[in-house]
Every structure is written in C-alpha cells, then in structure tokens.
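Following: one structure in structure tokens, then a few remarks.
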Amino acid sequence: MSATNLASFALDASAPVGLQLIASLRARIVTGELTPGTRLSEQDIATGYGLSRQPVREAFIRLAGEKLVEVRPQRGTYVRKIDVAEVEVSRFVREAVEADIARLAARSADAAALAELRRQMADQAKAAQDGGRSFVELDELFHRTLAEMAGRAGAWTHLQPIKMHMDRVRHLTAVEFPVDRLVGQHQAIVDAITAGDADAAEAAVRTHLRGVLDDLPKVAEAHPDFFIAEPAP
C-alpha cells in the first residue's frame, strides 16, 4: 500500500494537539480515508499536521492499543487491517446496549422526539437516493438520538471506542451497497417506538445491528486485502 497522504491538517492551537492528532488519525482510519495496509510515515504526518515527531509517535502507540494501527519493528507503522473478530465484539456489545435503549425510547418518546425521528427518516430517504455517501453521518445521528430520547446519552458516549471496528465496515458498506435496506430497518425502529411497543423496538434494533454479519462476507470478497481473516459463513 502507498505511504501516508501528504495533505495538510490544521489543529486548534488552544486545545491539546496530541489528543486532536489522535482523534484525526482515528477518524481517517475509521472512515477509510487511510485504507488498511497503508504505511504511516511519522515524518510525513508530523509535516502534514505541523507538529514535531514526538506527538505522532505517541499517537501511533495509542492507536496501536486500539488495534487501528500496527507497529512493525524495523519496518514501520501501518493501518491495521479490519479484524473480523473485533467487528463481532463491537456488534455484540452495541446490540446489548442499544436493545435496552430502544425499549426505553419506546416508553418515553414524546411528540417532539417522534417528530425529530420522522425528520431524520426523510433525510435518510434522500441520502439513499443520492447514493448513500452521507448516510453514515445520518445513521450516527439516528442512533445517538435514540440514546438521548431514552435518557442514555452517556451510554452512547461509552460505545464510541467500542464500535470503531464495526464503523470501519459501515463506511465500506455505505459507499458500495444500497442503503435502502438500512433505511427500512430504521423505519421499523421508528414505527415500533411511535407505537410505544418496546418489544418490537428491541427486536427491530437487534435485526438492524445483526445485518453487519450478512454484509461482512460481501465486503471481504470485494476487499480481500482489507481484512485480517475471512468472516465466518
């Protein structure tokens, strides 16, 4: 794979630059801008962000701990390929948390919250017609909104580092596969919450989040060099 993109990135001098660098590199990996297998040049990144090499070195250590990069002695640092096992762990934990969130949302949603969900569904339908490239952001907003409706915004915050590996697959599927199915699954969640049916809301969320298991074999087949292991059948 190619070396690091040399594009420049501005950081906020009034905030800790080390944390900003980590967040920026993490986002570039999760969204697929830095593809699996890409060699990350310490000097190139330092130059691109206007930093010394020390915070870059520290960022590599942090991202290696998150299993997003791999430091190979005497060879360099590379964007880690997507680990199917990590994706499954992400999905498992996320499903457990969001199933309860859906139940709570179905019991507590008021008229304003339901109106917001309907507005988001209209935006998602439009994104699907436009090819789905903006869908991941809308998907993120939708699930965060459900957590807020349920009074569990803090739980959604705690899920962020856990779901990174699942998010890497989500970005690939949003670009390459039609998102109509996902929009339909979101609508089923909204319908259940609107009806105040906690059981149906939980079931709809579980069905939705288990969809990644169906997508994994297709994504791995399309991008065999992006994955550490083949998804289980």
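For the pair Ala10/Ala23, report the inter-label distance in nm, with labels modelled 7 Å from Cα in the Cβ direction.
1.6
How much of Arg75 can a 1.4 Å solvent probe reach, expressed as accessible area in Å² and rounded to 10?
Rounded to the nearest 10, the figure is 150 Å².
So what does the Cα-only Debye profile of segment 184-233 read at q = 0.16 Å⁻¹, as log10 I(q)/I(0), no solvent term?
-0.55
Let me see the pair-distance distribution of segment 1-132: every alpha carbon pair, 10 Å bin width, integer percents in order.
Going out from 0 Å in 10 Å bins, segment 1-132 shows 10, 30, 24, 24, 11, 1 percent.
Relative contact order, percent, of the chain when contacts are C-alpha pairs under 8 Å separated by at least 6 residues?
Relative contact order for the chain comes out at 25 percent.
Evaluate the distance, in nm, between pseudo-label points positioned 7 Å from the Cα of Glu221 and of Asp123 along their respective Cα→Cβ axes.
Label at Glu221, label at Asp123, 3.4 nm between them.
So between Asp214 and Asp100, what do we pick up on full extension, going 0.36 nm a residue minus the alpha carbon distance?
Taking Asp214 through Asp100 to full extension adds about 38.8 nm, to one decimal.
What nm distance separates the two modelled labels at Val93 and Thr194, each placed 7 Å from Cα along Cα→Cβ?
3.4
How much length is gained if the chain between Glu176 and Ser52 is pulled fully straight, taking 0.36 nm per residue apart and subtracting their Cα-Cα distance, in nm to one decimal?
In short, 40.9 nm is gained.
Extent of segment 77-215 along each principal axis, from alpha carbon coordinates, in Å, largest to smallest?
Here the spans come out as 50, 31, 23 Å, largest first.
Stick to Cα atoms and the Kirkwood definition of Rh, then tell me Rg/Rh for segment 148-233.
Rounded to two decimals, Rg over Rh is 1.02.
Between Arg62 and His158, what length in nm is gained on full extension when 0.36 nm per residue of separation is reduced by their alpha carbon distance?
Gain on stretching Arg62 to His158: 32.8 nm.
Calculate for the chain the 222 nm mean residue ellipticity that helices alone would give, adding -39,500 (n - 2.57) per DSSP H run of length 4 or more and normalising by residue count, nearest 500 deg cm²/dmol.
The helix contribution divided over the chain gives -22000 deg cm²/dmol.
On average, how much area does the Cα convex hull of the chain cover when viewed from any direction, in nm²?
If you wrap the Cα atoms of the chain in a convex hull and average its projections, you get 13.5 nm².
Where a ≥ b ≥ c are the square roots of the eigenvalues of the C-alpha gyration tensor, would you call segment 80-137 rounded, which needs a/c under 1.5, or, failing that, prolate if a/b is larger than b/c, or oblate?
Note, shape of segment 80-137 comes out oblate.
The values are calculated or read from the model by the stated rules, or taken from the named source; none is laboratory data. Quick caveat: nothing in here was measured; it's all calculated off a predicted structure. Cβ: placed from backbone, ideal geometry, glycine included. Neighbour counts: every protein chain shown. The area values use the complete protein model at the heavy-atom level, side chains included, leaving out ligands, DNA and RNA. Shrake-Rupley method; radii C 1.70, N 1.55, O 1.52, S 1.80 Å.
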